[in-house]
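Shown next, in structure tokens, is the structure this report addresses.
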Amino acid sequence: MEWSGEGLIIGVRRHGETSVIAEVMVEGRGRQLGLIRGGRSSKLAATLQPGNSVQITWRARLEEHLGLFTTIEVTDSRAASLIVDRTRLYASQLLCDHLRLLPERDAHDRLLGLSIRILDGNLSPNALGMALARFELTLLDELGFGLDLSSCAMTGVTSGLTHVSPKSGRAVCLAAAAPYIGRLLELPAFLLGDAPATPSDLEAAFALTGYFLDMHVWSARQIDPPSTRASLVAILCDPI
């Protein structure tokens, strides 16, 4: 078995004395793992950085085997620029941590495309926060836990949606939400369209996505949230 393609490095871990196991998101193939012999060498260190895009060749005797990445050539070296920008570095780490939640070898090109656009977008903090919150909504959808924000769960109307039920994950309009405000999650308008976002909107958006990620993913799998998420959210939601 053999194939070649371009992918985004999302994780690298040590294996034995000199090798590593790399995780790469590949268009049409999803999250792929492969052994890289000699991957801990100084020659490969700069290439095998999460956030870099690489051209790879994967080989194995059988498709279900771990396989080897026998060719790795960097096509977009982002790591150096990420290191000098804490906000972009945290965003890259968060994206990679999220992508590692996906099942192995299932194509998720929508998430891969969003990740590349965020990494290469040179976004302002506000725009970056909006993009990451939308990414987390898409991640929930791709994992099978998407929220229904198309209409009000109680009245069926499609406008004036301001909250989300923490139980059903469905949107609720302001009129129907009024008696239950304290028990509902706020739904910022920018998640429904092209509205601008204030720092409080971003905070509400990350609280919304974080609630359902914790319910369906982190707590369900008994794993911790990404280590950089809280710090990044605090930076992006800072009104200064």
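The values are calculated or read from the model by the stated rules, or taken from the named source; none is laboratory data. Worth saying up front: this structure is predicted, and the values here are computed from it rather than measured. Backbone-built Cβ (ideal geometry, glycine too); neighbour counts: all protein chains shown. The protein model used for the area step is the full one, side chains on, heavy atoms only, and it has no ligands, DNA or RNA in it. Shrake-Rupley method; radii C 1.70, N 1.55, O 1.52, S 1.80 Å.
Summary table below
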quantity	calculated
Some residue of the range 108-120 being open to solvent by less than 70 Å² (accessible area, probe 1.4 Å) and either of a type in the set (Ser, Thr, Tyr) or in contact with a Pro (Cβ under 9 Å, 6 or more places away or on another chain) (or both)	yes
Residue in the range 146-163 that is within 28 Å of Gln32 (Cα to Cα), at pLDDT 95 or above and within 23 Å of the chain's Cα centre (by Cα) present	yes
Which listed residue is touching a Ser or Thr at 6+ places or on another chain (Cβ under 6 Å) and either under 16 Å from Thr228 (Cα atoms) or not polar (S, T, N, Q) (or both), from Gly51, Gly121, Gly113, Gly129	Gly51
Count of residues meeting criterion [of a type outside the set (Gly, Ala, Ser), part of a helix (DSSP H, G or I) and surrounded by 11 or more Cβ atoms within 10 Å (Cβ to Cβ)] in the range 177-192	5
Only one of Leu99, Leu119, Leu111 that is in contact with a Lys or Arg (Cβ under 9 Å, 6 or more places away or on another chain) and within 26 Å of Asp148 (Cα to Cα)	Leu99
Selection from the range 33-52 of residues that are under 17 Å from Gly5 (Cα atoms), of a type in the set (S, T, N, Q) and either in contact with a helix residue (DSSP H, G or I) (Cβ under 7 Å, 6 or more places away or on another chain) or open to solvent by less than 10 Å² (accessible area, probe 1.4 Å) (or both)	Asn52
Total residues in the range 119-143, condition in a loop (DSSP other than H, G, I, E, B) and either touching a residue at least 40 places away in the same chain (Cβ under 8 Å) or aromatic (Phe, Trp, Tyr) (or both)	1
Gln55 being open to solvent by less than 20 Å² (accessible area, probe 1.4 Å), polar (S, T, N, Q) and on the phi < 0 side of the Ramachandran plot	no
Residue ID - nearest to the chain's Cα centre (by Cα), chosen from residues in the range 3-22 that are within 15 Å of Asp97 (Cα to Cα) and open to solvent by 10 Å² or more (accessible area, probe 1.4 Å)	Val12
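Yes or no, residue by residue, for (1) within 15 Å of Leu128 (Cα to Cα); (2) assigned to a helix (DSSP H, G or I); (3) open to solvent by 70 Å² or more (accessible area, probe 1.4 Å); (4) polar (S, T, N, Q):
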| residue | (1), (2), (3), (4) |
| --- | --- |
| Ala175 | no, yes, yes, no |
| Asp194 | yes, no, yes, no |
| Ser200 | yes, yes, yes, yes |
| Ala207 | no, yes, no, no |
| Met215 | no, yes, yes, no |
| Ser219 | no, yes, no, yes |
